[in-house]
Structure formats: structure tokens, C-alpha cells
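This report concerns only the one structure given below.
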Amino acid sequence: MYSQKIVLRFTTKTWDKPIVYRLSKDYDLVFNILKANVFPKQESIMVLELSGTEENYHRGIEYLMGKGIVVEPIEHDIERDDNACIHCGACTAVCPTRALAIKRETMEVLFSTELCVGCELCIKACPLRAMKASF
């Protein structure tokens, strides 16, 4: 089984289309929504993990692009600059997968790269810019 994590960016004209349904029904792809911020008549974002045959995956990606959806593979990892981090916890409040969590005994922010889906919310939340995307 072929599996990839991708970011879908919807425009003001594509936010209300049954995109994920079509991926499942027409292309026999299994999806796991890792993160979604979908707003009526606004640009929106969804992070998906898609699984299926490699052929169906590529056909599904072609379908998305044909519908005007911007498809971005998650090709980067999120990294933390341990020298810049002061363990304030701001990033933990926005992390949808709990890849960033506070160890209560020491009040240290722990970062689990295995749980990270690359949504980049922590980058925006970090006041010291200790969180970065590596390309």
C-alpha cells in the first residue's frame, strides 16, 4: 500500500466541494484527516494522509489539481532550535497532534517528531521563532 501525507490548499471557489469523498469513492483511496481549517468562502487548508495503490494515488492527485486545489507534499520536517526555546508552552496550545507537550514535572516542552504532521502552526505560535521548517 502506498501512503503519503499532503497539504491541500483550497481557494475561495473550491472550499465547499466534496473533494475527500471523491478521493475515496472514485479513486479508492483511504484518507486520514490530520488537520483541517475550512472556512466558508475563504481560503482553507487540510492536511491528509492518503493511502491506496500508487496508481490510484497519482490519479487522485491529478483530480485534485484539475479541480484547482493546490497540492503540496509534506517534504519538510519541523525542527526546534533548543538554544532559542525557553519552554514557554505557546506551541503546545496549537499543536493538533500533541507532538508538542509540556512535561509537568519539569515544565519542559517535549517535541515528538514522530507525531508531527508538519502543519506549521507551532512556527506561527512560537514568540521566539524556535520552531522552524527544514526543507
Exercise. Mind counting the residues in the stretch 1-28 that are buried (at least 17 other Cβ atoms within 10 Å of the Cβ) and among the hydroxyl-bearing types (S, T, Y)?
Key: 2
Exercise. Tell me which residues, restricted to the stretch 103-128, are assigned to a loop (DSSP other than H, G, I, E, B) and under 14 Å from the mean Cα position of the chain (by Cα).
Key: T113, E114, L115, C116, V117, G118, C119, E120
Quiz item: Which of (1) at pLDDT below 95; (2) over 29 Å from A99 (Cα atoms) does Y27 not meet, given it meets every other one?
Solution: (1)
Self-check item: Sole exception among (1) at pLDDT 90 or above; (2) out of contact with any Ser or Thr (no Cβ under 6 Å at 6 or more places or on another chain); (3) on the phi < 0 side of the Ramachandran plot for K5, by number
Solution: (1)
Quiz item: Identify, please: which residue in the stretch 70-122 is exposed (fewer than 14 other Cβ atoms within 10 Å of the Cβ) and touching a Phe, Trp or Tyr at 6+ places or on another chain (Cβ under 8 Å) and is, among those, nearest to K17 (Cα to Cα)?
Solution: E75
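The values are calculated or read from the model by the stated rules, or taken from the named source; none is laboratory data. Note that this is a predicted model, so its numbers are computed, not measured. Note that we place each Cβ from the backbone using ideal geometry, even for glycine, and neighbour counts take in every protein chain shown.
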